[in-house]
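The values are calculated or read from the model by the stated rules, or taken from the named source; none is laboratory data. Keep in mind that this is a model prediction, so the values were computed, not measured. A quick note on method: Cβ atoms are made from the backbone with ideal geometry, for glycine too, and the neighbour counts reach across all protein chains shown.
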Amino acid sequence: MHRPGPEAAPATAVAGSAPAGVAPAASTGVAAGAVVSAVRARGVVKRYGGVVALAGVDLEIGTGEVFGIIGPNGAGKSTLFDVLCGITKPTEGEVFLFDRPVNDVPPHEIARQGVARSFQRTAVFGEATVRENLLFGRHAASSHSVLGRILHSAAWRRDRDAFEAKAREVLELTGLTEDQHRPANVLAYGVQRRLAVGIALMNDPRLLFLDEPAAGMNGKESADFVELVRAIEPGRTIVIVEHDMTVISALCRRTLVMVDGRPVTVGPPGEVFRHPEVIEAYLGADDE
Ligand SMILES: Nc1ncnc2c1ncn2[C@@H]1O[C@H](COP(=O)(O)OP(=O)(O)O)[C@@H](O)[C@H]1O
Ligand SMILES: [Mg+2]
């Protein structure tokens, strides 16, 4: 089963865009520019007190892949998402992004290396306009925290032309150009979700994590969302945690299925859905 749409970008295209100064993992001896995987997890366990959210996850996602993570509620998807993007540190095991170990790297530093994420409920500043939200996204990795301060800061004025050019590009990509001067909170739900992705795109990430981006969307909105991901896919690695199988099937060549904190199978969406343990897990989940 192959999804329609363009082929995944070759690994070299992504590796070539690695920012200068990102050192290769000393332990692997991999030369800069020879990145083999965007995301790698080795023996990842996450416990919250007595709760085992992740019971040992090994995983490798290649550069340029659009990779899905699915599973019933409580399977550990969001925990895995948080651990892979470095916002939560594993209890055991190790995570590598572009072959660098990131267990000891703080989230803001990971963000600076071209990694962005959009949460299930990414905060959009409701009273700020679409455009202001995007401009804030550009600064999200900086130490500033208040929108007004950012928009009036010296750094913002200095880089205004670059920021505005980027904002125009993202408005176009996300189909939000006409809505750019509207407050975010008047937009339809699906449009706000596109804005959340747009905010993540402002820093031009080479690795983008999306947690349930299509949650709560109607059919038209999730179809539009699929088109958006196809448009932003070239040159990036995208990891999508999602309930909506249609979205996963449309976008992902490979998906991981999590059940009870364990990876059950990885493969093309059309095949993993036939895996007996996956069928059983979904039939057994009464809250889906
Ligand atoms: N911060 C936390 N504290 C305690 N338990 C948690 C925490 N986060 C997740 N869990 C537990 O870990 C398990 C997996 O949760 P989660 O990763 O949110 O699953 P999913 O996203 O697949 O629905 C659940 O049993 C959940 O209750
Ligand atoms: Mg979740």
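Annotations
- Residues in region 161-202 that are over 13 Å from ASP224 (Cβ atoms), out of contact with any helix residue (DSSP H, G or I) (no Cβ under 6 Å at 6 or more places or on another chain) and crowded, with 19+ Cβ neighbours inside 10 Å: LYS166, ALA196, ALA200.
- Contacts under 8 angstrom Cβ, first residue in region 47-69 being within 14 Å of ligand 2 (Cβ to nearest atom), partner modelled with pLDDT of 95 or more and part of a loop (DSSP other than H, G, I, E, B), 6 or more apart: ALA53/GLY76; ALA53/GLY261; LEU54/GLY76; LEU54/PRO90; LEU54/GLY261; GLY68/CYS252
- Here ARG121 qualifies as out of contact with any Lys or Arg (no Cβ under 7 Å at 6 or more places or on another chain), modelled with pLDDT under 90, among the charged types (D, E, K, R) and closer than 22 Å to ILE232 by Cβ.
- Of the residues making up region 92-106, one or more are small (Gly, Ala, Ser) and at pLDDT 95 or above.
- So THR265, is it without any contact (Cβ under 8 Å) to a residue 60 or more places away in the chain, away from ligand 2 (no atom under 16 Å from the Cβ) and assigned to a strand (DSSP E or B): yes
- Residue check for VAL257: touching a residue at least 24 places away in the same chain (Cβ under 8 Å) and within 24 Å of ARG47 (Cα to Cα): yes
- The residue list VAL264, VAL247 contains one member that is of a type outside the set (S, T, N, Q) and under 24 Å from ALA116 (Cα atoms), which is VAL247.
- Selected residue (criterion: farthest from VAL39 (Cα to Cα)) from residues of region 225-257 that are charged (D, E, K, R) and part of a helix (DSSP H, G or I): GLU227
- 3 or more residues closer than 21 Å to ASP244 by Cα and away from ligand 1 (no atom under 12 Å from the Cβ): qualifying strands (runs of 3 or more DSSP E) within region 35-94: 66-70
- For beta carbons closer than 8 Å, sequence separation of 6+ or different chains, a first residue in region 270-288 that is at pLDDT below 90 and a second that is surrounded by fewer than 14 Cβ atoms within 10 Å (Cβ to Cβ) and not acidic (Asp, Glu), the qualifying pairs are PHE273/ILE279; ALA285/ASN73; ASP287/ASN73; GLU288/ASN73.
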